[in-house]
Amino acid sequence: MYTLLIPVDSEPESAEYAVEAITEFPGSDQLTAVILNVQKEVDAPGFDSEEFYDETAFPKSVEIAEDRLRSAGIETTKRREHGDPAEQILEVAAEIDADQIVIGNKKRSPTGKALFGSVTQSVMLDTDLPVTVVSRD
């Protein structure tokens, strides 16, 4: 099996882009997908985001991705983590021995299109794994 890590934020649109691309991969019936949602750690005086972290509180975007991948016959699991999104993506990729990371990217302004989002950019720069970034204009 070929293991994909699919980081998904709360935006259904970017999750849909990633899922659509994955279902079109050759040999998609030989894929295993791990959908990852990371609740960003907030560092503010007198506030601990860990207190509000619920590992079972997946956003709708994760449910959409999971349903669509399973409908396409792709074995799927999901997980939720708390911390810095880029760091958590890389840690989970190493933990599950991912073969590839697939990230859906949000629409951006013409200036914003010159660079990927900071999480996507960090993941691309800090991993040796292939990273597929999927977006639509």
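The values are calculated or read from the model by the stated rules, or taken from the named source; none is laboratory data. If you're wondering where the values come from, they're calculated on a predicted model, not measured in any experiment. FYI the Cβ positions are ideal-geometry reconstructions off the backbone, even for glycines, and counts take in every protein chain you see.
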Discussion item. Just the residues that are surrounded by 18 or more Cβ atoms within 10 Å (Cβ to Cβ) and either within 13 Å of Glu75 (Cβ to Cβ) or hydroxyl-bearing (Ser, Thr, Tyr) (or both), please, taken from segment 1-26.
Written reply: Leu4, Ile6, Ser14, Tyr17, Ile22
Worksheet, complete the sentence: The number of residues in segment 27-86 that are surrounded by 17 or more Cβ atoms within 10 Å (Cβ to Cβ) and among the small types (Gly, Ala, Ser) is 5
Item to complete: Take segment 1-19 and flag every residue that is aliphatic (A, V, I, L, M) and part of a strand (DSSP E or B).
Response: Leu4, Leu5, Ile6
Worksheet item: Could you give every pair whose Cβ atoms fall below 7 Å, whose first residue belongs to segment 59-87 and is under 18 Å from Tyr2 (Cβ atoms) and free of Cβ contacts under 8 Å to residues at least 60 places away in the same chain, and whose second residue is hydroxyl-bearing (Ser, Thr, Tyr) and not in a strand (DSSP E or B), counting only separations of at least 6 or pairs across chains?
Response: Ala72/Thr23; Ala72/Ser28; Ile74/Ser28
Item to complete: Look through segment 90-116, keep the residues that are surrounded by 18 or more Cβ atoms within 10 Å (Cβ to Cβ) and in a loop (DSSP other than H, G, I, E, B), and return whichever of them is modelled with the highest pLDDT.
Response: Ala98
Worksheet entry | Enumeration of residues in segment 14-35 that are more than 17 Å from the chain's Cα centre (by Cα), under 14 Å from Ser71 (Cβ atoms) and small (Gly, Ala, Ser) | Ser28
